[in-house]
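To start, the structure itself, in structure tokens.
The values are calculated or read from the model by the stated rules, or taken from the named source; none is laboratory data. Here the structure is a predicted model, which is why all the values come from computation and not from measurement. When we count neighbours, we look across all protein chains shown, and the Cβ atoms used for this are built from the backbone with ideal geometry, even at glycine.
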Amino acid sequence: MSETSGTSPLSSVDSEPLRVVLAKLGFDGHDRGLKVVARTLRDAGMEVIYLGLRQTTDSIVAACEQEDADVIGLSMHNAGHLTLAPRMVQAVKEANLGVPVVIGGIVPAEDVAVLIDAGVAAVLGPGASAEDVVAAVRAAVTRPSPAR
Amino acid sequence: MSPPSLDELFESARAGNRRSLGRLLTMVERQDDNAAKVSERAHRDAGQARVIGVTGAPGSGKSTITGRLAAVSGAERPAILAIDPSSPLTGGAILGDRIRMDNNVSSSTFIRSMATRGHAGGLAVAVPDAVRVLDAAGCDPIIVETVGVGQVEVTVAAAADTTVVVVTPGWGDAVQANKAGLLEVADIFVVNKADRPDARGARRDLELMLDLGHRGEWRAPIVLTTATEGEGIDDLWSEIERHTSFLHHSGELIRRRCRRRRSEVADRIELGLRDRALRIIEAQSGESALGRVERHELSPAAAAEQLLAALIPDNPPEE
Ligand code: B12
Ligand SMILES: Nc1nc2c(ncn2[C@@H]2O[C@H](COP(=O)(O)OP(=O)(O)OP(=O)(O)O)[C@@H](O)[C@H]2O)c(=O)[nH]1
Ligand SMILES: [Mg+2]
């Protein structure tokens, strides 16, 4: 098979919608932001696979494989980001998924660079506008990351 | 590294590789040239799996039931296809069915969420192909969840061997108008949220409706469930199995599947024609039929008739 993408002559949509998996890891119950992000991305034409609370890196990897997701979005509010975000990036690598990980929620400014270094594609915080959120997700997918 | 061939993807999906199966589903979902190849390849091996449709009003408990069903089926590789509408304005969608399934299903259950992607009729055109791919990959049973509002229920039934219609206490007032439609598609009724008052009333309503309207050898059984607690799900699975064996023994399975494939071909013809019609319209110049419509020399209906005759040459000319 030569190519797997290519625009379809039969479909009326110009491009295929991005598929985004949204989740919260562990016992962090702050899901308000994630719900806001879900609607924002939907309104930007994306397909949001909403996993919600209490996910594990394994459950997120499994969902990404089954859903053939283009990007993972995590929301973190319980100060666990320095451990959990790199662990997610690592799990994605181990599964050879090649999907970027975008993070939002409560991340102190000094931690952002650490997370980016660890392989996180983008970090957003409180007050991020809808435009910011959409732009971060789009950029994460288009940026040449480990090829799919 | 070159991308895997279709055969390699199918082989790997059959061996249980989630990622390969996920990829194949994306290909059919895109409805491009690859989709046709994947569909053709899948069709060769398909026809083994039981296909169960679960439909009902928004929030009636379809996802909770579906996840529980996959668990009690005892099957090695059950699959769930959860379909939600795309926003007609933006094309985006929030696919939230997994939330209600994840806790109950084992890791061998393959769950795929699918948006309708703006196709009229409510059900994504890619659904039959997605079912075909899951089937060819060795998944069984395949449970398809769709929101049932009005006409969509009928479309679901067209995709499944066995259709389960989920209602909740108080449903009667909500779907007054479409009771006949429900009756037509339901092989099994579920009254879910039986922990709520008047589940028995809901059952009585259904019994009454069946007494009046049911035809043929199979009378849809009614199962009460409290899906959140898993209550009644075993009974529901037994009824599904009973219906499966009815389908086999009565010959109805063959008839249904035959009907299903016919209507799929008809749908495809319709889609292809629509697409070609749009392309013709786009290619029309000023001197064309469309130009004459613009100048009020020709009615839209007459122009369509002319163009159609050009599209299908053996269209019998009018007297
Ligand atoms: C509302 C709230 C709650 C609610 C949560 C309700 C819910 N279902 O979400 C309740 C009352 C339950 C709650 C409880 C607790 N909370 Co509280 N809570 C908040 C509060 C006030 C607002 C959070 C919020 O909803 N914001 C609105 C949303 C829209 O904003 P957002 O989440 O930041 O999301 C935006 C961006 O971050 C970004 N984004 C977010 N996620 C993602 C994901 C992706 C992929 C992308 C692209 C972008 C993105 O986009 C969004 C839109 O701009 C914050 C304070 C604050 N200023 O943030 C504290 C806060 C988060 N809570 C805090 C704490 C400590 C708790 C508790 C532990 C308190 C306690 N001792 O009991 C509990 C823990 C509960 C639990 N199980 O986890 C601390 C966390 C401290 C930390 N991380 O270091 C905070 C920061 C308050 C503080 N200053 O101390 N909380
Ligand atoms: N009380 C009660 N609540 C239930 C029961 N089954 C499901 N629910 C709740 O009903 C809500 C909707 O359940 P879902 O399984 O998501 O329903 P659905 O029909 O798939 O919903 P949509 O896909 O959004 O149309 C959730 O909050 C469930 O927890 C039940 O038997 N009893
Ligand atoms: Mg659902």
Problem set entry | Residue list for the range A:22-43, filter: closer than 20 Å to A:Cys64 by Cβ, small (Gly, Ala, Ser) and more than 16 Å from ligand 3 (Cβ to nearest atom) | A:Ala23, A:Gly26
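Of these, B:Arg14, B:Arg41, B:Arg68, which one is crowded, with 19+ Cβ neighbours inside 10 Å and at pLDDT 95 or above?
B:Arg68
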For this session: Inspect all residues belonging to the range A:92-102 and state whether any of them is within 13 Å of chain B (Cβ to nearest Cβ) and small (Gly, Ala, Ser).
Result: yes
Exercise. If you check A:Arg87, A:Arg138, which single one turns out to be of a type in the set (Lys, Arg), at pLDDT 95 or above and touching a Ser or Thr at 6+ places or on another chain (Cβ under 9 Å)?
Worked result: A:Arg87
Exercise. Among the listed residues B:Ser238, B:Ser263, B:Ser245, which satisfies the condition of being at negative phi, in contact (Cβ under 8 Å) with a residue 60 or more places away in the chain and surrounded by fewer than 17 Cβ atoms within 10 Å (Cβ to Cβ)?
Worked result: B:Ser263
Problem set entry | Search result, residues across the range A:64-80 that are surrounded by 22 or more Cβ atoms within 10 Å (Cβ to Cβ) and more than 9 Å from chain B (Cβ to nearest Cβ) | A:Asp70, A:Val71, A:Ile72, A:Gly73, A:Leu74, A:Ser75, A:Met76
Exercise. List the pairs whose first member sits in the range B:130-142 and is closer than 17 Å to B:Thr244 by Cα, whose second member is of a type in the set (Asp, Glu), and whose Cβ atoms are under 7 Å apart, counting only residues at least 6 apart or on separate chains?
Worked result: B:Ile142/B:Asp135
For this session: Mind listing just one residue for me: the one in the range B:186-198 that is surrounded by 20 or more Cβ atoms within 10 Å (Cβ to Cβ) and more than 16 Å from ligand 3 (Cβ to nearest atom) and, of those, farthest from B:Val54 (Cα to Cα)?
Result: B:Ala194
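Can you find a residue that is away from chain A (no Cβ under 14 Å), touching a strand residue (DSSP E or B) at 6+ places or on another chain (Cβ under 7 Å), buried (at least 21 other Cβ atoms within 10 Å of the Cβ) and not hydrophobic (A, V, I, L, M, F, W, C) anywhere in the range B:115-126? Before the answer, list the steps.
The first filter runs over the range B:115-126 and keeps only residues away from chain A (no Cβ under 14 Å), leaving B:121-123.
Subset that is touching a strand residue (DSSP E or B) at 6+ places or on another chain (Cβ under 7 Å): B:123.
Right, trim to buried (at least 21 other Cβ atoms within 10 Å of the Cβ) and you get B:123.
Filter once more, keeping what is not hydrophobic (A, V, I, L, M, F, W, C): none.
No, the range B:115-126 contains no residue that is away from chain A (no Cβ under 14 Å), touching a strand residue (DSSP E or B) at 6+ places or on another chain (Cβ under 7 Å), buried (at least 21 other Cβ atoms within 10 Å of the Cβ) and not hydrophobic (A, V, I, L, M, F, W, C).
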For this session: Within the range B:247-272, count every residue that is among the hydrophobic types (A, V, I, L, M, F, W, C) and either modelled with pLDDT under 85 or touching a strand residue (DSSP E or B) at 6+ places or on another chain (Cβ under 9 Å) (or both).
Result: 2
For this session: Can you give me the number of residues within the range A:40-63 that are in a helix (DSSP H, G or I) and either among the polar types (S, T, N, Q) or within 8 Å of chain B (Cβ to nearest Cβ) (or both)?
Result: 8
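Which of the residues that make up the range B:68-83 are among the small types (Gly, Ala, Ser), in contact with a strand residue (DSSP E or B) (Cβ under 7 Å, 6 or more places away or on another chain) and either farther than 11 Å from B:Ile142 by Cβ or within 9 Å of ligand 3 (Cβ to nearest atom) (or both)? Give the derivation first.
Initially, the range B:68-83 is screened for residues among the small types (Gly, Ala, Ser), giving B:70-71, B:73-75, B:79, B:82.
Filter once more, so that each one left must be in contact with a strand residue (DSSP E or B) (Cβ under 7 Å, 6 or more places away or on another chain): B:70, B:75, B:79, B:82.
The one that is among the small types (Gly, Ala, Ser), in contact with a strand residue (DSSP E or B) (Cβ under 7 Å, 6 or more places away or on another chain) and either farther than 11 Å from B:Ile142 by Cβ or within 9 Å of ligand 3 (Cβ to nearest atom) (or both): B:Ala82.
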Seminar exercise, completed: Looking across the range B:62-83 at residues that are of a type in the set (Gly, Ala, Ser) and away from ligand 2 (no atom under 12 Å from the Cβ), the single one that is nearest to the other protein chains (Cβ to nearest Cβ) is B:Ala79
Exercise. Here are some conditions: (1) near ligand 1 (Cβ under 10 Å from one of its atoms); (2) part of a helix (DSSP H, G or I); (3) buried (at least 18 other Cβ atoms within 10 Å of the Cβ). A:Lys35 meets all but one. Which one does it not meet?
Worked result: (3)
For this session: Would you check if there is a residue in the range A:81-102 being farther than 24 Å from A:Glu67 by Cα, of a type in the set (Gly, Ala, Ser) and away from ligand 3 (no atom under 16 Å from the Cβ)?
Result: no
Seminar exercise, completed: Counting only residues in the range B:84-93 that are in contact (Cβ under 8 Å) with a residue 12 or more places away in the chain and out of contact with any strand residue (DSSP E or B) (no Cβ under 8 Å at 6 or more places or on another chain), the one nearest to ligand 2 (Cβ to nearest atom) is identified as B:Pro88
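Could you grab me the full set of residues in the range A:64-95 that are assigned to a helix (DSSP H, G or I), small (Gly, Ala, Ser) and within 15 Å of ligand 1 (Cβ to nearest atom)?
Narrowing the range A:64-95 to residues assigned to a helix (DSSP H, G or I): A:64-67, A:81-94.
Adding the requirement that they be small (Gly, Ala, Ser) leaves A:85, A:91.
Hit for the range A:64-95 is A:Ala85, nothing else.
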